[in-house]
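The values are calculated or read from the model by the stated rules, or taken from the named source; none is laboratory data. This one's a predicted model, so the numbers in the text were calculated from it and none came from an experiment. Cβ sites come from the backbone with ideal geometry, for glycine too, and all protein chains shown count toward neighbours.
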Amino acid sequence: MKEEWVNSSLTPAKHVWEMELQDELHVAGTDLVSNQFTTDDVTAIIGVSGSLEGNVLYGFSGGTAVAVVSRMMGEEVTTVSDEIGLSALGEIANMITGNAATRLSQIGYPCDISPPVIIEPSGSRFTTVGGPQIRVSFSSSLGFFTVHIVLFEKAAKD
């Protein structure tokens, strides 16, 4: 996986988080992990297709999910298991990935994204195709969340 593909997700993550949630977001770490993934308390999955294919998975702990939804709703919530709360988390993932897709297109990798799929509760195991994932851990005053990126170039048709 190319560095420019991963970097195309980092700036949008920071920008969307800060614009939508009025909170600073910091990269806490980046590492290469296997293609197997066990979901967090709430996980949003967005598919990528076009000249690049793969998935971007956004993992939120329960506390982070509640804090994010509370901030987005403008009122204190205690759970995110209802449709509105889960939709809010999906929308954050959608905005970040949409901005990343725009950046990728600008550097020669036009791609589309799918609507978010929300998986909850934690513990579901996924295996992504295309090789290992880049895991980026973020921190903010609302809590921690992770982004797993697995992208690969679509094979050219003969």
Filtering segment 56-104 down to residues that are more than 17 Å from residue 10 (Cα to Cα) and not in a helix (DSSP H, G or I) yields 61, 74, 75, 76, 77, 78, 79, 80, 81, 82
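Of the residues 80, 48, 66, only one is hydrophobic (A, V, I, L, M, F, W, C) and under 19 Å from residue 154 (Cβ atoms); which?
Answer to the selection: 48.
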Expected output for segment 141-158 (first residue among the β-branched types (Val, Ile, Thr), partner modelled with pLDDT under 90 and assigned to a loop (DSSP other than H, G, I, E, B), Cβ below 6 Å, 6+ apart or cross-chain) is 150/128; 150/130
Note on segment 105-128: residues in a loop (DSSP other than H, G, I, E, B), in contact with an Asp or Glu (Cβ under 9 Å, 6 or more places away or on another chain) and more than 19 Å from residue 81 (Cα to Cα) are 107, 109
When segment 15-27 is checked residue by residue, the ones that are in contact (Cβ under 8 Å) with a residue 24 or more places away in the chain and not β-branched (Val, Ile, Thr) are 15, 17, 20, 21, 22, 23, 24, 25, 26
Taking segment 12-35 and keeping residues surrounded by 13 or more Cβ atoms within 10 Å (Cβ to Cβ), at pLDDT below 90 and polar (S, T, N, Q) leaves 35
Within segment 81-128, the residues that are within 12 Å of the chain's Cα centre (by Cα) and at positive phi are none
Of the candidates 64, 38, the one satisfying the condition of being crowded, with 16+ Cβ neighbours inside 10 Å, of a type in the set (Ser, Thr, Tyr) and touching a residue at least 40 places away in the same chain (Cβ under 8 Å) is 64
Restricting segment 6-55 to residues that are assigned to a helix (DSSP H, G or I), touching a Leu at 6+ places or on another chain (Cβ under 8 Å) and among the small types (Gly, Ala, Ser), the one nearest to residue 145 (Cα to Cα) turns out to be 13
